[in-house]
Each structure stands twice: as C-alpha cells, then as structure tokens.
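The values are calculated or read from the model by the stated rules, or taken from the named source; none is laboratory data. Remember, predicted model here, so these are calculated numbers, not experimental data. Note that each Cβ is placed from the backbone with ideal geometry, even for glycine, and that neighbours are counted across all protein chains shown.
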C-alpha cells in the first residue's frame, strides 16, 4: 500500500521525523521551490549565510556538535560546486551531512538545453559529488523518489559520511508515491550491523590479550565518537584503569578531565611523556584512529602491528589478522561484558606548552595566548572551542576543554575558513557559546559570516591571530612577500556588524578583553597582535618536518 503527497512535503516530514531542526542554505532559482517549502515549515529553521562554503561548514559544525544530521540546501551549479570543499572535508572526517540541490527540470533534460549554472554537462554536478559522498542520487521519478531519498539518508547514517540528492526543480510540488513503511516508520536510522559470532571471538581474543599485558594503553580515534560510542569508550577506560590518549582528529572525543587522560598523541610532535608512554606500551588498543599524516606527525607509524589492536569502521585488526563485519560499538560493548583486569595507573595530563612563558608583550606570544585561553576555560567551562586550520589547529592541540564544553576542528582535512561558520552551526545545535581561534588568513576567507550572528541570536567570541599573513609557512620559505595579507581593521568591522571589537598586544590586555567578552551578550572579536615569526610549539616542528620530507622527495 502507498500514499501520495508532494515531494517537498514528504521531504519536510522525513527530515523532521529523523530529528532535523535546522537547514543551512542559500536560495537560487533552481532550488527556490524547495527552499520556500522549508521556510513555511514550523519547527524547521532555514539558516542563511553569505556564501555556499560557509553553509557547508555551518552544517558540518551542527552535525559534529550534536551528533545528528546536518542538512545543506543549495542551487544547482554555482551553488553546488561552491559547497563541494566543505562536503569533501566532511567525507574525509566522517561527518553525516545531507546535501540537497536543485536541478534542471524534466523539459531541460529532455531537450538538452544548455541551462544557466551548467558546467560541462547537466550531469556534471552529481558526478563530482559522487567522489565526496557515500551515496548520490538525482530524483526524477515520482514512483521511486521517496525510496531513493530514504536510501541516501540511511547510507549517510551507516557510514557517517555525506550524501547528495539533486531534485529536478519541477519535482518539488509533484505528488510522489510514499510506501506505507515510511509513513509508519518511527524515524530511527540503522546502525552498522555486525556478525555476532565474529564480535564474540574478537572480544574474547582482545580481552585475553589485555588481561595478560603488563603496560596496555588506549588510543582514542574519532570513529567511536562519530558512531555514538563515546560513553562506551569512557566506560572501557574506566574498567581498564590504564592510560588513554586521543589522536589529533579525536581531540575532544574523550573527556580531557578524565583521570586516565594523557593528552593528544601526534607521533613525534607529541609531548615527550606521551610519546614515551606509547613506546613503553606492550599493547595499544587503538579505537577508530585514522592513519593520516597529521595523526602520525609526518612519519611512519610508531605503533607497530605486533603490539596493537586496531578498530576501524566495521573491522577489528588484532596483530596481523582481521575480523570483518564487526562494528566498533558492538566490539567495545562486547569487551565491557568480559572480565577485564583493572590497573591503577597514575596518569598526568601533558601538553607542549613551556612551564613559564613571557606574557608582557607586545606582541602576544602564541604559547602565552594558549595558556591564557586555558585559564579562561577553567572559569567558563560551558564553551565550544572551535579552531581553524594553520597555527590555530596545531595551537589548539594545547587547549584543554572542560567536560561541560566541546572541542571542534578539521583535524585532518584542515580547510582554512572552517571555524567561524562551523561555530555558528555548533551554537545553533548545542546552545554552547563558541570560543573561536582563527588566523587572519582564515578569517579573510569566511570570517565575515560573523555579521550574521546578531540576526541569528548568536554570540561567539572570536580570538583572531593577526600575524599579517599565512604565518605557518614563514619558516620554510624565503619568499615572505607571497605570504603577506592586507591588514583589515578587524575590531572596527566587528563593531560595524553589531558586535564588540577589541585589539590586544599583550597578555594582560588579552585577559581583560576575555573578561569583557564573557560579560557581553553580543558577539565579540578580539584581534590579538602576534609576532609574525612566532608559532605554537607543534606548528613549527610540523611544518619544518613537512618541508624536509618534500625536499627529500624532490
């Protein structure tokens, strides 16, 4: 049995059923009917920004912070191609996003008419999105439209990666067939399925090894967090009583105030105590860690297969053999049901910051700035820290966020311009006030989206690192002029956009500015004047190692 309803109405009902409350988009003529359908719906807020990359980043921030689905709605061609970069980042870092794009109508497809915004062919856009999504469909048949939409969303949730749906512009108001199962469905999306026999065998083998090991430790990656197993991971670390570190991408996926938490492991760029603990371990339980150059610090893995249990999406590897069809969540929950020997390891938190730094200035030193932000977060624990690429990303490794807050960064794909729109999405999703750390280069890409904060009722605090350019590359090039950027009057812009703007050149001034910001209900931009030659501790080592590898490969 089937029912019939307009496609737009079905899509609205479907999104609301799975818990979507915000759609991030920019209107265009080929998507205007769908856009207006969303706009007429109570309980489904349409959030518009100034440029398509920003709505992609905002939806990403919404999804990361809430653990739910982020939705992007853009027009065909000029809109769709613009949003591919944020979608690629979400694909790389397993963030569930649904991209809804308008598309040419049936007549245009049939006649082969060249249509505005078209690139090479009418199908070019969907072909490109297939490279950065787990599922992509063009909706053109009213008989199968509902099923195709459902298939894409289910794929997004199973893989925690973006999906793409392109809807002919003349399909939005057309009645479509809706199967009875989708009408009766309660909105719960599927989990990855495991083979229970393989789960049991993998858990038995892993538990036996953990129990006979002398110095085990846990390395937390991003996947358990993405797939809803964060609490299970914490319970497992509690049961084991051993040291635990997070990967760069997974910073914030494990409580930073937990007594067993060491800090962030970044290969050779880790604090010496963390790197030493990894080397001493006779077993490392690596949960959902992606083997990326940033995670490994530009080197071959320091964690050998001989002493590791490694889980990744639907697979568990114990030494040199694999258990396929075993989800991380099922594996961790099965481990928790086994008898596990508890250690009582004493663990201290470690970062790369020096014990004492000069804080008088001017200008502000990065190490002193990061210490100041850590002190601020102790006093304001319900904060969403969002950092951008470049020195902000590597400096962010040293930021310790209380358990009442959260931490977000593109720790692998590392696209500049993520932080401001990503933070807007995060505050809409969680209500936590963001503290944004971004450089002037990143801000000049997407930072003007902060102008929407007043209209949206949001009040982030932006700490803008003004070092006059793309500073992270200065240590590895003689062509310094190529890295310079024009100096905008950032603090004045903030005031023009309805917020509060301040410029600081010393740590005492920064402390005062943060104190003022904490009491403001509007958004605040703090322009911190940074020595152009100064970088956070990890940034300098990372970029120099990258340059050395590039020279060796040349």
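With the condition kept exactly as written, say whether any residue in the range 464-471 is in contact with a helix residue (DSSP H, G or I) (Cβ under 8 Å, 6 or more places away or on another chain) and in a helix (DSSP H, G or I).
Yes, the conditions are met somewhere in the range 464-471.
From the list 390, 361, which residue is crowded, with 21+ Cβ neighbours inside 10 Å, more than 19 Å from residue 221 (Cβ to Cβ), modelled with pLDDT under 95 and in contact with a helix residue (DSSP H, G or I) (Cβ under 9 Å, 6 or more places away or on another chain)?
From the options 390, 361, the qualifying one is 390.
State which residue pairs qualify: first residue without any contact (Cβ under 8 Å) to a residue 12 or more places away in the chain and inside the range 218-236, second residue in a helix (DSSP H, G or I) in any location, beta carbons under 8 Å apart, and separation of 6 or more residues or different chains.
none
Go through (1) crowded, with 22+ Cβ neighbours inside 10 Å; (2) modelled with pLDDT of 95 or more for residue 102 and report which single condition fails.
Result: residue 102 passes all but (2).
Looking for whichever is touching a strand residue (DSSP E or B) at 6+ places or on another chain (Cβ under 8 Å) and modelled with pLDDT of 95 or more here; the options are 46, 12, 31. Which one fits?
Result: 46 is the single residue among 46, 12, 31 that is touching a strand residue (DSSP E or B) at 6+ places or on another chain (Cβ under 8 Å) and modelled with pLDDT of 95 or more.
Hey, which of the helices (runs of 4 or more DSSP H) in the range 272-357, taking only ones fully inside, have at least 3 residues that are at pLDDT 95 or above, outside the structural domain of residue 92 (by TED's automatic domain parsing) and under 24 Å from the mean Cα position of the chain (by Cα)? Step through it out loud before you land on a result.
Numbers: elements: 272-280, 293-296, 328-336.
In the range 272-357, the matching helices (runs of 4 or more DSSP H) lie at 328-336.
Please find, within the range 211-244, the residue that is nearest to the chain's Cα centre (by Cα) out of those that are under 30 Å from residue 96 (Cβ atoms) and exposed (fewer than 15 other Cβ atoms within 10 Å of the Cβ).
In this case the residue turns out to be 228.
So residue 406 passes all but one of these: (1) touching a strand residue (DSSP E or B) at 6+ places or on another chain (Cβ under 6 Å); (2) buried (at least 24 other Cβ atoms within 10 Å of the Cβ); (3) more than 29 Å from residue 356 (Cβ to Cβ). Which condition number does it fail?
Failing condition for residue 406: (2).
Take the residues in the range 191-210 that are loosely packed, with under 14 Cβ neighbours inside 10 Å and more than 22 Å from the chain's Cα centre (by Cα); name whichever of them is modelled with the lowest pLDDT.
Taking the candidates together, the pick is 193.
Out of the residues in the range 459-473 that are farther than 16 Å from residue 529 by Cβ and over 20 Å from the mean Cα position of the chain (by Cα), which is surrounded by the most Cβ atoms within 10 Å (Cβ to Cβ)?
In this case the residue turns out to be 472.
Residues 77, 25, 39, 19: which one is under 27 Å from residue 405 (Cβ atoms) and in the same structural domain as residue 134 (by TED's automatic domain parsing)?
19
One line per residue, one yes/no per condition, for (1) touching a strand residue (DSSP E or B) at 6+ places or on another chain (Cβ under 7 Å); (2) touching a residue at least 24 places away in the same chain (Cβ under 8 Å); (3) on the phi > 0 side of the Ramachandran plot; (4) outside any loop (DSSP other than H, G, I, E, B):
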| residue | (1), (2), (3), (4) |
| --- | --- |
| 443 | yes, yes, no, yes |
| 452 | no, yes, no, yes |
| 458 | no, yes, no, no |
| 478 | no, no, no, no |
| 488 | no, yes, no, no |
| 491 | yes, yes, no, yes |
| 498 | no, yes, yes, no |
| 503 | yes, yes, no, yes |
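Looking at (1) in contact with a helix residue (DSSP H, G or I) (Cβ under 7 Å, 6 or more places away or on another chain); (2) closer than 24 Å to residue 457 by Cα; (3) loosely packed, with under 15 Cβ neighbours inside 10 Å, can you tell me which one residue 514 breaks?
(3) is the only condition that residue 514 fails.
Of the conditions (1) in contact with a helix residue (DSSP H, G or I) (Cβ under 7 Å, 6 or more places away or on another chain); (2) free of Cβ contacts under 8 Å to residues at least 60 places away in the same chain, residue 208 satisfies every one except a single condition; which number is it?
Checking residue 208 against (1) in contact with a helix residue (DSSP H, G or I) (Cβ under 7 Å, 6 or more places away or on another chain); (2) free of Cβ contacts under 8 Å to residues at least 60 places away in the same chain, the one that fails is (1).
Using the structure shown, decide if residue 386 is within 29 Å of residue 67 (Cα to Cα), assigned to a strand (DSSP E or B) and in contact (Cβ under 8 Å) with a residue 12 or more places away in the chain.
Judged against the criteria, residue 386 is a match.
Let's see how each residue does on (1) within 24 Å of the chain's Cα centre (by Cα); (2) over 23 Å from residue 172 (Cβ atoms):
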position	(1), (2)
82	yes, no
86	yes, yes
95	yes, yes
104	no, no
117	no, no
122	no, no
